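The values are calculated or read from the model by the stated rules, or taken from the named source; none is laboratory data. This structure is a prediction, so every number in the text was calculated from the model and none was measured. A quick note on method: Cβ atoms are made from the backbone with ideal geometry, for glycine too, and the neighbour counts reach across all protein chains shown.
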Amino acid sequence: MEAKELFMNGEFVPAAHGTISVRTHGFAYGTGCFEGIRGYWNESEQQVYLFRLREHFERLLRSCKILQITLPYTVDQLIDI
């Protein structure tokens with residue numbers, strides 16, 4: 001499934017507009033933090049329900065801190081996005 005939008009520089013933009021510099025550390029060396037979030041689709045409500053979202057974002061922020069990656073959002077801000 002291809003993403004139609006992505007979150008970049010504080011806003012959602014069409015995926016085709018997403019760019020990164022070739023000098024970005026994550027691009028050059030593969031540095032990054034990843035977190036899998038389980039979601040369940042409710043067909044009758046046309047809604048996805050995410051499992052333990054707060055805990056996922058807390059782990060993500062801890063991983064970023066260990067790798068010295070600045071993530072300019074709090075857990076609550078990430079949940080709101």
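Things worth noting here:
- Within region 1-48, strands (runs of 3 or more DSSP E) holding 1 or more residues that are free of Cβ contacts under 8 Å to residues at least 24 places away in the same chain and within 20 Å of ARG59 (Cβ to Cβ): 39-42
- Pick from region 1-57, criterion hydroxyl-bearing (Ser, Thr, Tyr) and over 18 Å from ILE79 (Cβ atoms), ranking: surrounded by the most Cβ atoms within 10 Å (Cβ to Cβ): THR31
- Unmet requirement for GLU45, which otherwise passes all of (1) over 12 Å from the mean Cα position of the chain (by Cα); (2) at pLDDT below 90; (3) not aliphatic (A, V, I, L, M): (2)
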